[in-house]
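Here the structure is laid out as structure tokens; the discussion comes afterwards.
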Amino acid sequence: MNLAQNPDKQDILASELKQELGGDNYSTTAQLPYLKACYRESHRKTPVVGGTGYRFLDKDITLHGYTVPAKTKISFLTLNLQQDPQLVPNADQFIPERWLPSEVQERKGTPSDVIDHRLVANSFSFGPRMCIGGRLAEVELLSVLARLVQDWRFTLPDDHPPVGYDQKLFLHPAPNPKFHVVRR
């Protein structure tokens, strides 16, 4: 969806894939920083879920001056964090370049480097509670995206209504996009 709305970014990705893969399928050994940046930016801008799991507090804590009592159910909404314009410049725009290694390095030591934390950056979480199939799912997503972009150019028609999102169990585009697809 994000690449269809940003055909210039899709063309940059198609160029990288052509140069690195030459029409072949995705390989975990290929150097594809822009593909991974597009994947990460899509996760930032339109994640599958709005936040991580929840937990109950063991003890009282203070968050930004508010006392939150023990036994309160809390959840971390990564969607809000990754849309915060104080942390993410031009947060409403799809800018995969913000995830290239040089940009990530530039954020180190600033308040914005929180968006690079593994628990925020990885859509399947991280550590012992990571989704058991997360690594396989990520390879599948990158494989499908690489194949699609190498073979097809997809856009939205000029008269397509703006696409928003409905939060159900997962985030869904609304209305469903009607892609215009042509062979590359």
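The values are calculated or read from the model by the stated rules, or taken from the named source; none is laboratory data. Note that the structure is a prediction, hence the values are computed from the model and not measured. Heads up, the Cβs are rebuilt from the backbone with ideal geometry, glycines too, and the neighbour counts pull from every protein chain shown. Just the protein is used for accessible areas: all its heavy atoms, side chains included, with ligands, DNA and RNA removed. Shrake-Rupley method; radii C 1.70, N 1.55, O 1.52, S 1.80 Å.
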Query raised in the report: Against the longest alpha carbon principal axis of the chain, how many degrees, from 0 to 90 and to the nearest 10, is the axis of helix 134-151 turned?
Result: 30
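Under Stokes-Einstein, with the Kirkwood radius over Cα pairs standing in for Rh, what whole-number D in µm²/s applies to segment 1-49 at 25 °C and 0.890 mPa s? Could the numbers behind the result be given before it?
Numbers: Rh = 11.5 Å.
Rounded, D is 214 µm²/s.
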Query raised in the report: Any idea how far the Cα center of segment 110-183 sits from the one of segment 13-49, in Å?
Result: 11
Query raised in the report: Helix 7-21: angle to the longest alpha-carbon principal axis of the chain, degrees 0 to 90, nearest 10?
Result: 70
Query raised in the report: What dipole magnitude, in Debye to the nearest 20, does segment 1-138 give about its Cα centre under +1 on Lys/Arg Cβ and -1 on Asp/Glu Cβ?
Result: 660
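Computing the accessible area with a 1.4 Å probe over protein heavy atoms, can you report the carbon and sulfur percentage for the chain? Walk me through the numbers on the way to the answer.
Numbers: 6690 of 11820 Å².
The computed percentage sits at 57.
So if we plug the beta-carbon distance of Ile132 and Lys36 into 1/(1 + (r/R0)^6) with R0 = 25 Å, what FRET efficiency do we get, rounded to 0.05?
So, using R0 = 25 Å, E works out to roughly 0.70.
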Query raised in the report: 222 nm [θ] for the chain, helices only, -39500 (n - 2.57) per DSSP H run of 4+, per residue, to 500?
Result: -10500 deg cm²/dmol
Report summary line: dims of segment 26-70, Cα set, principal axes, largest to smallest, nearest Å -> 49, 18, 17
Query raised in the report: What is the count of Lys pairs in segment 42-184 whose alpha carbons sit under 30 Å apart, if the two are 8 or more places apart or on different chains?
Result: 9
Report summary line: Residues meeting the amide H criterion for Trp152 (H placed from the backbone, H to H distance under 5 Å, 5 or more places apart or on another chain) are Arg184
Report task. Calculate, axis by axis, the spread of Cα positions in segment 54-184 along the three principal axes, and write the results as whole Å, longest axis first. Result -> 57, 35, 33
**Report entry** Distant-in-sequence amide H partners of Tyr165 (H built 1.01 Å from N, under 5 Å)
**Finding:** Ala174
Query raised in the report: Ordered by residue, what ³J(HN,Hα) values in Hz, to whole numbers, does segment 111-120 give under the Karplus form 6.51 cos²θ - 1.76 cosθ + 1.60, where θ = phi - 60° and Gly and Pro are x?
Result: x, 5, 5, 4, 6, 9, 4, 4, 6, 8
**Report entry** Sequence ranges 171-177, 142-148, ranked by mean other-Cβ count within 10 angstrom, highest first
**Finding:** 142-148, 171-177
**Report entry** Gaussian network model of the chain, Cα within-10 Å springs - most flexible of Pro96, Pro128, Pro47
**Finding:** Pro128
Query raised in the report: Measuring with a 1.4 Å probe in the full set of protein chains, what accessible area per residue, in whole Å², belongs to segment 75-184?
Result: 67
